[in-house]
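Enquirer: Below you will find the structure I want to go over with you.
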Amino acid sequence: MSNEHGNYLTNPKGIWSWLTTVDHKRIGLMYLLFVAISFALGGIFAMLLRLELFFPGQQFFTAKEYNQLFTLHGAVMVFLFIIPSIPATLGNFFLPIMIGAKDVAFPKLNLASLYIYVFGAIFCLASIFLGAVDTGWTFYTPYSTTTDTSVVTMTMGAFILGFSSILTGVNFIVTIHKMRTKGMGWFRMPLFVWSLYATAVIQVLATPVLGITLFLLILETTVGVGIFDPVLGGDPVLFQHFFWFYSHPAVYIMILPAMGIMSELVTTFCKRNIFGYRFVAYSSIAIAIIAFLVWGHHLFVSGQSDYAAMIFSLLTFLVGIPSGIKVFNWMATMYQGSIELKTPFLYFLSFIFLFSIGGFTGIMLASLSLDVYFHDTYFVVAHFHYVMMGGTVIAFLGGLHYWWPKMFGKMYSEFWARIACLFIFVGFNMVFFTQFLLGAKGMPRRYYNYLDQFQPLHAFSTVGTWVLGAGFFIMLFYMLHSLFRGQRAPQNPWGGLTLEWQTSTPPSVHNFDETPIVTGGPYDYGKEDAHV
Amino acid sequence: MSQQGQHSHFIVPVKYYLRTFIALLFLTVLTVVIAQFNFGALNLPIAMLVALVKASLVLMIFMGMRWEKGFTFVLFISSILFFGIFIALIFADIDTRKQTDPLEAKPFGLVSPVRPISSGNGASEHH
Amino acid sequence: MSSSTEFVKHEVAHHFVDAEQEFDSAKLGMWTFLVQELLFFSALFVAYAIFRFLYPEMFFEAHKHLSWVMGGINTLFLITSSFTMVMAVRCAQTNQNRLTIINLILTLIFACMFLVIKYFEYSEKFHHGLLPPALFTGEGVAPQLPIFFGLYFAMTGLHGLHVLIGIGLILWLIFRSVRREFHADYYTPLEMVGLYWHFVDLVWIFLFPLFYLIG
């Protein structure tokens, strides 16, 4: 564990050295900080929303304030939290280490995308004070071009954040292609890297379309372009097409890295080689490609033509195949493994459970006839929270607990971590499973008021947010405790085989003291001289 | 990864660049001349064909795609492919907006509730 | 012309194994960025296609307000500037620093001429009120005419912005060439800006017939 340059956390010292760093590990940590703050902000919005819905009728917020709150919840969670969440934090930190590189291909660009992110975030936050947007995070025209709230500031923020995401994607693609160490063939890469690669492809191919769409929206609200304005012969549905051409692939930007983390967790904590490595790797790429073919399922009741709706419905079902391959392969990997129920693995199990529910209800919503009924109800809300929170956030937490010792060189309290995981799992299901029931009974989304008969379910869901919130609070405390008082972490606390566990804890400035040479697959558990 | 410096890069002979340049100038004049005649429905395809040839020349010679490694080509082609998906699936909607499923249209005399966007109000009165 | 010893030596960044890896990475990065650019423009082209499909007569009427002569001259300018750009890169590859600088300056001049003509075109449109919908005061038969000019200004405006950024980049290249930083062993920035510049040319190659030559 000799550190030629010392560990990256303390060398060099000083706040300025952090702000100007080009070290991917430090940039990852700074992202982690911002992303955590955004998550807390979005979470507070969500809890306020649920509080309002405890009883029918107006409690704390007017209808407009409620609209602004759910818009901010959505926009902050999507643009500021979940899109950068895994790739920009854990991805940034571990991608170069996992492929044995000293850094990403363009370290300065990496820092630039962090600052672009901060710059965009400032716009988004400024919009809260300039008359918070009340359009929903999707900014559908024609409402978004006529409302008096600060749509331009918010979309400007999202536009800028998009470039941060694109540049990260460019960086990752080049890093994976050009920076792999000797012996690190494509099929020796950890599956997390594969998933980041697929994510980066979507980031590069889809995000610019969001950029141009928001650019057109800004033009439309200022000087007009006419293409979204029905009065001039334009088509408001076209905005939805443009928007979802990005935003549907974007949900795969959110879930793919999560799936990558799952592959890491299941192998390490079962001490088994992944079942069907190539299938899991290729299914990431397949998801990335299919992602672009399905956006029209958001437009089933928007006035899209019947034929287009049928095509999109059919194509949407295809997503189930690669997703299913992944889940089955993880299950098969667990078979006969020596399973350790450590906290990260508890998150893995939660993910499997929640993501499966999210996935199956996704198939329901892809069916044209069912969707006409479920569209814009709580059923949809519950579905995407099961995928986005039950999938991505849970995986993010799993990854965070898995790599925390490596990142900070400190262990956290296993006991409290398990308690927090339990709170989050139970709280989450209380909040969102209830919403499946509400949706199936016909409760529409985005209303601050509702019929009396829904009250018990709404109240139960709100209580769930408190349990969920308590889980996160416990996590905050033991994580902070770990940072300042935690036990020193060993180099390889879980017995992982991928390269990040072979370097010192925390890693040295240039990741490895000696450039590693790879001689085997990433998950050769049970083989004698596995790796390096 | 070879250990050589950039000396090893292939330097494209000037004649390639010069010929490409002349071809591009010629094609620009050609497309303007063609545009003066009316070929009816073929106007757009012809103009696009010439533009496509010009674009390919720029891509292949000026941007050096001809001498690139495989992946760059795959990358670029796939981006064009996704552009194709984008336009094709949107047209799947726009082009069939006015139609109602014949199974429903016949017995019930249904027409699509969606107003085709081409029948928008006049802009002249708007201003 | 001059031996490469007079050039500024390039240091390979610490995280690369060698100059080859650094160059390849930069190039792949640039291509990936251009792919992003292509999709950035794609939505505009899709919008164009849809509205041309819906309102062909309007597009025919609208294009008469644009001067194909000006558009044509601009096409020639951009193509020529692309040619001088590749020549600049090639001269750096063969250590002809003076010729690199001359070619870059020529590229700069053509790029500026492009914008000058664009300026004349725009001011003429402003004069006749042929502007995006909110500002539109022009006269025309087709009621959807403002959409054409909305698209025209969005697409050529965005392209113009790219030209402007390109001019900035070329100025930076000239500055660095004068300091003799580019030579056979290191010309990465030249090559990258070159790729970007050809892409800008590429977009215009499509914009020209789509807006100016609707037969």
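The values are calculated or read from the model by the stated rules, or taken from the named source; none is laboratory data. All values reported here derive from a predicted model rather than from experimental measurement. FYI the Cβ positions are ideal-geometry reconstructions off the backbone, even for glycines, and counts take in every protein chain you see. To get the accessible areas, we keep the full protein, side chains included, count just its heavy atoms, and leave off ligands, DNA and RNA. Shrake-Rupley method; radii C 1.70, N 1.55, O 1.52, S 1.80 Å.
Enquirer: Count, please, the residues in the range A:360-377 that happen to be under 18 Å from A:Phe312 (Cβ atoms) and without any contact (Cβ under 8 Å) to a residue 40 or more places away in the chain.
Expert: Matching residues across the range A:360-377 total 4.
Enquirer: Here is a follow-up. Filter the range A:421-449 down to residues that are part of a loop (DSSP other than H, G, I, E, B) and touching a strand residue (DSSP E or B) at 6+ places or on another chain (Cβ under 7 Å) and give me whichever is surrounded by the most Cβ atoms within 10 Å (Cβ to Cβ).
Expert: For the range A:421-449, the residue satisfying everything is A:Met443.
Enquirer: Of the conditions (1) within 21 Å of C:Leu210 (Cα to Cα); (2) touching a His at 6+ places or on another chain (Cβ under 9 Å); (3) more than 14 Å from chain A (Cβ to nearest Cβ); (4) of a type outside the set (A, V, I, L, M), C:Asn95 satisfies every one except a single condition; which number is it?
Expert: It is condition (1) that C:Asn95 fails.
Enquirer: So, B:Val50, is that one surrounded by 15 or more Cβ atoms within 10 Å (Cβ to Cβ), modelled with pLDDT of 90 or more and either under 22 Å from C:Thr75 (Cα atoms) or at the interface with another protein chain (Cβ under 8 Å from one of its Cβ atoms) (or both) or not?
Expert: Against the criterion (surrounded by 15 or more Cβ atoms within 10 Å (Cβ to Cβ), modelled with pLDDT of 90 or more and either under 22 Å from C:Thr75 (Cα atoms) or at the interface with another protein chain (Cβ under 8 Å from one of its Cβ atoms) (or both)), B:Val50 qualifies.
Enquirer: Still on this model: Name every residue in the range C:136-155 that is surrounded by fewer than 17 Cβ atoms within 10 Å (Cβ to Cβ), aliphatic (A, V, I, L, M) and over 20 Å from C:Glu57 (Cβ atoms), in order of residue number.
Expert: Result: no residue meets the conditions.
Enquirer: May I pose another question? So in the range A:42-63, with the set limited to residues that are aromatic (Phe, Trp, Tyr) and touching a His at 6+ places or on another chain (Cβ under 7 Å), which one is surrounded by the most Cβ atoms within 10 Å (Cβ to Cβ)?
Expert: A:Phe45
Enquirer: Looking at the range C:176-199, which of its residues are in contact with a Ser or Thr (Cβ under 8 Å, 6 or more places away or on another chain) and either of a type in the set (S, T, N, Q) or in a helix (DSSP H, G or I) (or both)?
Expert: C:Ser177, C:Leu190, C:Trp197, C:His198
Enquirer: Just one of the numbered conditions (1) part of a helix (DSSP H, G or I); (2) in contact with a Ser or Thr (Cβ under 7 Å, 6 or more places away or on another chain); (3) within 10 Å of chain C (Cβ to nearest Cβ) is not true of A:Leu217; which one?
Expert: (3)
Enquirer: List, please: which pairs have Cβ atoms under 6 Å, are six or more places apart or on different chains, and start with a residue in the range B:22-35 that is in contact (Cβ under 8 Å) with a residue 60 or more places away in the chain and not assigned by TED's automatic domain parsing to the domain that holds B:Leu52 and end with one that is assigned to a helix (DSSP H, G or I) and surrounded by 14 or more Cβ atoms within 10 Å (Cβ to Cβ)?
Expert: Note: no pairs meet the criteria.
Enquirer: Can you pull out every residue in the range A:151-209 that is more than 23 Å from A:Trp295 (Cα to Cα), over 19 Å from the mean Cα position of the chain (by Cα) and of a type in the set (S, T, N, Q)?
Expert: A:Thr153, A:Thr175, A:Thr181
Enquirer: Continuing with this model, one more query. Tell me, yes or no, whether the range A:229-248 has at least one residue that is away from chain B (no Cβ under 11 Å) and open to solvent by 10 Å² or more (accessible area, probe 1.4 Å).
Expert: Yes, some residue in the range A:229-248 is away from chain B (no Cβ under 11 Å) and open to solvent by 10 Å² or more (accessible area, probe 1.4 Å).
Enquirer: If the requirement is being at pLDDT below 90 and either of a type outside the set (Gly, Ala, Ser) or open to solvent by 30 Å² or more (accessible area, probe 1.4 Å) (or both), which of these qualifies: A:Thr138, A:Thr146?
Expert: A:Thr146
Enquirer: What number of residues within the range C:55-71 are open to solvent by 10 Å² or more (accessible area, probe 1.4 Å), assigned to a helix (DSSP H, G or I) and touching a residue at least 12 places away in the same chain (Cβ under 8 Å)?
Expert: Number of matching residues: 6.
Enquirer: Sticking with this one: Considering each residue of the range C:1-57, count those that are in contact with a strand residue (DSSP E or B) (Cβ under 6 Å, 6 or more places away or on another chain) and either among the hydroxyl-bearing types (Ser, Thr, Tyr) or within 7 Å of chain A (Cβ to nearest Cβ) (or both), and give that number.
Expert: Residues meeting the conditions: 1.
Enquirer: Yes or no: the range C:140-154 includes at least one residue that is closer than 23 Å to B:His9 by Cα and not β-branched (Val, Ile, Thr).
Expert: Scanning the range C:140-154, I find no residue that is closer than 23 Å to B:His9 by Cα and not β-branched (Val, Ile, Thr), so the answer is no.
Enquirer: Same structure again: Can you tell me which residues in the range C:15-54 are of a type in the set (S, T, N, Q) and within 19 Å of A:Val209 (Cα to Cα)?
Expert: Across the range C:15-54, the qualifying residues are C:Thr32, C:Gln36, C:Ser42.
Enquirer: Could you list, in sequence order, the residues of the range A:52-71 that are under 22 Å from A:Tyr386 (Cβ atoms), among the hydrophobic types (A, V, I, L, M, F, W, C) and in a helix (DSSP H, G or I)?
Expert: A:Leu69, A:Phe70
Enquirer: I need the full set of residues from the range A:476-517 which are under 27 Å from the mean Cα position of the chain (by Cα), assigned to a helix (DSSP H, G or I) and surrounded by fewer than 18 Cβ atoms within 10 Å (Cβ to Cβ), in order please.
Expert: Those that are under 27 Å from the mean Cα position of the chain (by Cα), assigned to a helix (DSSP H, G or I) and surrounded by fewer than 18 Cβ atoms within 10 Å (Cβ to Cβ): A:Leu476, A:Phe477, A:Leu480, A:His481, A:Leu483.
Enquirer: Name every residue in the range A:319-343 that is outside any helix (DSSP H, G or I) and of a type in the set (Val, Ile, Thr), in order of residue number.
Expert: A:Val319, A:Ile339
Enquirer: Looking only at the range C:99-114, decide whether some residue is touching a residue at least 40 places away in the same chain (Cβ under 8 Å), under 13 Å from the mean Cα position of the chain (by Cα), more than 24 Å from B:Tyr16 (Cα to Cα) and crowded, with 17+ Cβ neighbours inside 10 Å.
Expert: yes
Enquirer: For the range B:53-64, which residues satisfy the criterion of being in a helix (DSSP H, G or I), hydrophobic (A, V, I, L, M, F, W, C) and within 9 Å of chain C (Cβ to nearest Cβ)?
Expert: The answer is B:Ala55, B:Val58, B:Leu59, B:Ile61, B:Phe62.
Enquirer: So, in the range C:41-51, how many residues would count as being free of Cβ contacts under 8 Å to residues at least 12 places away in the same chain and crowded, with 19+ Cβ neighbours inside 10 Å?
Expert: Going through the range C:41-51 one residue at a time, the tally reaches 4.
Enquirer: Among what's in the range B:15-38 and is at pLDDT 90 or above and at the interface with chain C (Cβ under 7 Å from one of its Cβ atoms), pick the residue that is most open to solvent (accessible area, probe 1.4 Å).
Expert: B:Leu25
Enquirer: Same structure, new question: How do the pairs read when you match residues in the range A:183-210 that are over 16 Å from C:Gly29 (Cα atoms) with residues anywhere that are among the basic types (Lys, Arg) and in a helix (DSSP H, G or I), using Cβ under 8 Å and keeping only pairs 6 or more apart or on different chains?
Expert: A:Phe187/A:Arg278
Enquirer: Would you mind telling me which numbered condition in (1) touching a Gly at 6+ places or on another chain (Cβ under 7 Å); (2) closer than 24 Å to C:Asp18 by Cα; (3) open to solvent by less than 10 Å² (accessible area, probe 1.4 Å) A:Ile97 fails?
Expert: For A:Ile97, the exception is condition (1).
Enquirer: Oh, and also: Taking the options C:Leu173, C:Leu202, C:Leu161, C:Leu207, name whichever one is within 14 Å of another protein chain (Cβ to nearest Cβ), part of a helix (DSSP H, G or I) and open to solvent by less than 10 Å² (accessible area, probe 1.4 Å).
Expert: Step by step, each of C:Leu173, C:Leu202, C:Leu161, C:Leu207 is checked, and only C:Leu207 is within 14 Å of another protein chain (Cβ to nearest Cβ), part of a helix (DSSP H, G or I) and open to solvent by less than 10 Å² (accessible area, probe 1.4 Å).
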